[in-house]
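Enquirer: Before anything else, here's the structure in question.
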Amino acid sequence: MADVILSGVDKSFGPVRAVSDMSLAIADGEFLVLLGPTGAGKTTTLRLVAGLEPPDAGSIAIGGRDVTRIAPAERDVTFVFQQYSLYPHLSVYENLAFPLRSPTRRMPEAEIRKRVEEIAAMLRISQKLDNRATRLSGGEMQRVAIGRALVRRPAIYLMDEPLSSLDAKLRADLRLELKRIQQDLGATVLYVTHDQTEAMTMANRIGVISAGRLIQVGSPREIYTDPRNVYVATRLGQPAINLIPAGLIPAGSLPSGATTIGARTEHLRIARATNGAATAKVDWIEHLGDQNHLHLTVGNHKLVTLADPSSDLAGGDAVSLAFVNPLFFDTAGDRVR
Amino acid sequence: MSATGITTAHSVVAPTGRTRAIAGAIVIVYALITMIPLLWIVVTSFKTPDDSIAYPPKLLFTPSIEGYCNLFNTRTRQTPEYIAALPPATGQCDQLVRSRNMVIAGPSNVIPRFTNSIIIAFGSTFLAVALGTLTAYGFSRFRVPFANDLLFFILSTRFMPPIAVAIPIYLMYRAIGLTDTKIGMILLYTAVNVSLAVWLLKGFIDEIPREYEEAAMIDGYSRLQAFRKVVLPQAATGIAATAIFCLIFAWNEYAFAVLLTSGEAQTMPPFIPFIIGEGGQDWPAVAAATALFLIPILVFTILLRKHLLRGITFGAVRK
Ligand SMILES: Nc1ncnc2c1ncn2[C@@H]1O[C@H](COP(=O)(O)OP(=O)(O)O)[C@@H](O)[C@H]1O
Ligand SMILES: [Mg+2]
């Protein structure tokens, strides 16, 4: 395990700037999640760290060693690809053993067997070891793919949306499992995803990335409570943060320059309106089982917030709204305090 | 459908019994049509020279191995007195030949010619497929400058029939001493086949996700090792299909073989038509040579059948 440092890394594909001026330090033993939508440059960032793409500018160091110009095989990293991770012509056992049989590693067969069986047990695929890799369910395949990374003890594990092709239940299980394994091994992980739940539950720190740029890095808590701009604020939170033009709802004195107010559920106090103090109307309530989403209209602006499960509000009710320490943004979308 | 009017639901994709039967019948009729000439050749190879040219053709006849005897041996005519004075015949061929007032003079050229065919066809197939695989891999994985133009150029070597350049090649080969050499024929057939091999294999290799090799390279394998351990096994289907196409061309090629080989490197196609018997073409021997000539391709195709069935669809039903 080791720390990994990207300094001012640029990468373009023709006219497309996939990664711009990326500087990021991943500490030894840290689980860092890059969160961003499709096309944000997440995969490219991982490929740069792995050495599958050369950067146009900047440098990458792993464990204090500059690896910018070094071949992937020499970098001591592993990579879990988003798809196509298993060799269809090999058995599950051979797939897991493949990284350990590489010419640069040359491990005795007994040691390989021990490692593979250990990892298979950890990922609960022991009974599938003799299967062809193609004869597995999606969840099993993905576990084998993760297992192929885990059989080695590299400086850093690179994972490219390893859970994105799985169904919700399996994803939730593997999320916890992966986090537990990472903690047990004390592994350094750079994990990329577009799924905010994965980011929130697994990360020590989250890096929010957009159009190849790293916007903000911080603990999940920091990113959630203290976003640098509107973009970061909208990345986390379910339902998403409400962006309300200043002046629509009384908010006391605003910081100078604030034109937009960002309000999550915890930033709104909702009460049944009494004697004409109504500021909003309840459109409808979305019952999701464990939580209820309250859809409101203020003027011609729509808001969504979580409803108190014990609340007796119903569609058509008039309510009053007040802010409780909301977030303020200027016209450019940056936070103002 | 039962008497109560309940119909049995059947799959909309799986063929029903009736469509299966029709398809089967069509295949059998087609197979018979294509098989008849082959069957005729095999039958002729077991006829006597007289039976082979009988008119109307004889469907019932006494089988004879005279065609095979004549194919493998050269004979000389002798007087009956000379033959009578010989020690008793040692084999069936000896007997057959003597019954026609001839004796076996020695082995014919068929075995060397057959060996030439094997060496030249398999050698050029191996080279064309090996070069084709590496070239296709390069075009598929690396940013080759002018890749599309180069690929077009490679394909353009097939735009005209190869025999159109027969004369320049003949002169060239004569100048550098490659006429009637096995190496010359191997190089020639390789050159003709390599463009086909590159194009076929590029399609197959393009379909192999590059993540497979990248994963291997991250795991500590060099590119060549990753190519051998990951790409080659996955391209096996394509390689087998390509090899069969190349082999069939090289095995059957006639025009260049006639032009460029006469002895040392002569292959079966120019050899077979010139198997002459007493007073003309020895049809049973020609048929015997043709029947034997079919065997290697048949064996090779059967060996690679498993790959070929998938390969013929050009990767369409992979996964
Ligand atoms: N090999 C490539 N050639 C050309 N463009 C690429 C290549 N790889 C990525 N890109 C482009 O770079 C941008 C970032 O891609 P990627 O890193 O795959 O994003 P993400 O993984 O976040 O979805 C996208 O616009 C994508 O189209
Ligand atoms: Mg991606």
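The values are calculated or read from the model by the stated rules, or taken from the named source; none is laboratory data. Note that this is a predicted model, so its numbers are computed, not measured. No Cβ is skipped: glycine too gets one built from the backbone with ideal geometry, and neighbour counts run over all protein chains shown. Just the protein is used for accessible areas: all its heavy atoms, side chains included, with ligands, DNA and RNA removed. Shrake-Rupley method; radii C 1.70, N 1.55, O 1.52, S 1.80 Å.
Enquirer: So which residues in segment A:19-76 are in contact with a helix residue (DSSP H, G or I) (Cβ under 9 Å, 6 or more places away or on another chain), within 16 Å of ligand 2 (Cβ to nearest atom) and open to solvent by less than 10 Å² (accessible area, probe 1.4 Å), if there are any at all?
Expert: A:19, A:22, A:33, A:34, A:35, A:36, A:50
Quick grid of which residues meet (1) within 30 Å of residue A:211 (Cβ to Cβ); (2) more than 15 Å from ligand 1 (Cβ to nearest atom); (3) touching a Ser or Thr at 6+ places or on another chain (Cβ under 7 Å):
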{"position": "A:15", "(1), (2), (3)": "yes, no, no"}
{"position": "A:68", "(1), (2), (3)": "yes, yes, yes"}
{"position": "A:74", "(1), (2), (3)": "no, yes, no"}
{"position": "A:83", "(1), (2), (3)": "yes, no, yes"}
{"position": "A:107", "(1), (2), (3)": "no, yes, no"}
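Enquirer: If you scan segment A:95-139, which residues turn out to be outside any helix (DSSP H, G or I), more than 14 Å from every other protein chain (Cβ to nearest Cβ) and not polar (S, T, N, Q)?
Expert: A:108, A:123, A:124, A:125, A:129, A:130
Enquirer: Which one of B:258, B:230 is closer than 30 Å to residue A:100 by Cα and of a type in the set (A, V, I, L, M)?
Expert: Only one candidate passes the filter, namely B:230.
Enquirer: Just one of A:291, A:196, A:238 is surrounded by fewer than 18 Cβ atoms within 10 Å (Cβ to Cβ) and under 20 Å from the mean Cα position of the chain (by Cα); which is it?
Expert: The conditions single out A:238.
Enquirer: Then there is this: Look at residue A:91 and say whether it is open to solvent by less than 40 Å² (accessible area, probe 1.4 Å) and either within 14 Å of ligand 2 (Cβ to nearest atom) or without any contact (Cβ under 8 Å) to a residue 60 or more places away in the chain (or both).
Expert: In short, yes.
Enquirer: Where residues in segment B:268-295 are surrounded by fewer than 19 Cβ atoms within 10 Å (Cβ to Cβ) and more than 16 Å from residue B:41 (Cα to Cα), which of them is modelled with the highest pLDDT?
Expert: Looking at the filtered set, the residue picked out is B:274.
Enquirer: Among the residues of segment A:40-58, write down those that are in a helix (DSSP H, G or I) and within 10 Å of ligand 1 (Cβ to nearest atom).
Expert: Hits for segment A:40-58 are A:42, A:43, A:44, A:45, A:46, A:47, A:48.
One line per residue, one yes/no per condition, for (1) crowded, with 19+ Cβ neighbours inside 10 Å; (2) assigned to a helix (DSSP H, G or I):
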| residue | (1), (2) |
| --- | --- |
| B:214 | yes, yes |
| B:221 | yes, no |
| B:231 | yes, yes |
| B:236 | no, yes |
| B:239 | yes, yes |
| B:243 | yes, yes |
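Enquirer: Another one. So which of A:246, A:203, A:233 is open to solvent by less than 50 Å² (accessible area, probe 1.4 Å) and modelled with pLDDT under 90?
Expert: Just a single option satisfies the conditions, and that option is A:246.
Enquirer: With the structure loaded, tell me whether residue A:57 is modelled with pLDDT of 95 or more, small (Gly, Ala, Ser) and under 19 Å from the mean Cα position of the chain (by Cα) or whether it fails that test.
Expert: Here the answer is no, as residue A:57 does not meet what is asked.
Enquirer: With respect to residue A:148, determine if the residue is within 13 Å of chain B (Cβ to nearest Cβ) and part of a loop (DSSP other than H, G, I, E, B).
Expert: Answer is no for this residue.
Enquirer: Among the residues in segment B:182-195, are any in contact (Cβ under 8 Å) with a residue 24 or more places away in the chain and within 14 Å of another protein chain (Cβ to nearest Cβ)?
Expert: The answer is no, given that none of the residues of segment B:182-195 is in contact (Cβ under 8 Å) with a residue 24 or more places away in the chain and within 14 Å of another protein chain (Cβ to nearest Cβ).
Enquirer: Right, something else. Taking segment B:245-267 as the search range and keeping residues that are of a type in the set (Val, Ile, Thr) and either within 14 Å of chain A (Cβ to nearest Cβ) or open to solvent by 20 Å² or more (accessible area, probe 1.4 Å) (or both), which one is farthest from residue A:95 (Cα to Cα)?
Expert: Across segment B:245-267, the extreme among qualifying residues is B:258.
Enquirer: Still on this model: Which of the residues spanning segment A:126-170 are of a type in the set (D, E, K, R), surrounded by fewer than 24 Cβ atoms within 10 Å (Cβ to Cβ) and more than 16 Å from ligand 2 (Cβ to nearest atom)?
Expert: A:128, A:130, A:132, A:135, A:140, A:152, A:153, A:167, A:169
Enquirer: Would you pick out the residues in segment A:320-335 that are closer than 29 Å to residue A:232 by Cβ, open to solvent by less than 40 Å² (accessible area, probe 1.4 Å) and not in a loop (DSSP other than H, G, I, E, B)?
Expert: Listed by number, the residues that qualify are A:321, A:322, A:323, A:327, A:328, A:329.
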